Every structure is written in structure tokens, then in C-alpha cells.
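Here's the structure we're looking at; comments come further down.
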Amino acid sequence: MLNEPTTHALFEAAREAMGFAHAPYSKFPVGAAIRAEDGKVYKGANIENLSFPQGWCAEPSAISAMVMGGARQIKEIAVIAEKLALCPPCGGCRQKIAEFASAETKVYLCDESGVQKVMTMDELLPFSFKTEL
């Protein structure tokens, strides 16, 4: 478990965000927190909808908050789920994160006690789809 103050603060932000999840169907709340290039922390939670494909995960919710806050680059991200010891982002979220992250961006997988596993985006999504902009 990592106890660095900034990493712990990111974990706490993800755990706080999880408390705002709207998960009446799956009963699977998830929270995410991003530290962006501006140093600010942006949070998101999963928001379900009865039309299941129309809901969204915690990670894109946090990305949306980051973009609306004026930031564009994820420096590190923490993810936590109430019902799993470690909850790595799903495949779609991995690609969404990759759009705003580098291969070295740290991904912290957390449980209720803190960060339990640290990965880079390259480890989480090897051979990610990239295109020239």
C-alpha cells in the first residue's frame, strides 16, 4: 500500500466520489479521481441508466470533469469499487483514459484501505490504439 500524501489524497478523492455513484441496477458503485497536469483533482462516479448502454462509468465521469475544468492531461488516476478488492477500468474506459494519458501515467487500483496495486497505462492497455492528430 502506498502512503505518499498526494497518492493517499487521490485515493480519498476516489473513495469520496464513489459515495456519489448512481448504481440502482447493478448495486456496484465505483469512484475515480484524476490528478491532471494543472495539479487539480477531478472526481467521477458511475451513473447508471435504465437504458443500460446509456449509463457511464466513473472514469469517463472524472475525465469529463477534468475537461470541463480546463485540463487535458491525466497525470495519475485512482479507481475504487465498493464490491471488488481491485477494480481495473473496463476496456472502453482504458481507451478513454489513454486518450488523455501517457504510457507512463500511473493507475492506482484501490480498496477501502488504500492503494493496493500500481500500474502504468502501458501495462493496463498495451498496444493501445493511437492515431496522429
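Structural remarks
- Segment 1-26: number of residues that are part of a loop (DSSP other than H, G, I, E, B) and touching a residue at least 24 places away in the same chain (Cβ under 8 Å): 9
- Selection from segment 55-80 of residues that are part of a strand (DSSP E or B) and over 14 Å from residue 105 (Cα atoms): 56, 80
- Tally of residues being in contact with a Phe, Trp or Tyr (Cβ under 8 Å, 6 or more places away or on another chain) and either closer than 20 Å to residue 109 by Cβ or modelled with pLDDT under 95 (or both) across segment 44-54: 4
- Candidate set from segment 6-50 (those that are of a type in the set (S, T, N, Q) and touching a strand residue (DSSP E or B) at 6+ places or on another chain (Cβ under 8 Å)); member that is surrounded by the fewest Cβ atoms within 10 Å (Cβ to Cβ): 6
- Count of segment 57-99 residues which are more than 12 Å from the chain's Cα centre (by Cα) and crowded, with 17+ Cβ neighbours inside 10 Å: 2
The values are calculated or read from the model by the stated rules, or taken from the named source; none is laboratory data. Because the structure is predicted, anything quoted here is derived from the model rather than measured. Heads up, the Cβs are rebuilt from the backbone with ideal geometry, glycines too, and the neighbour counts pull from every protein chain shown.
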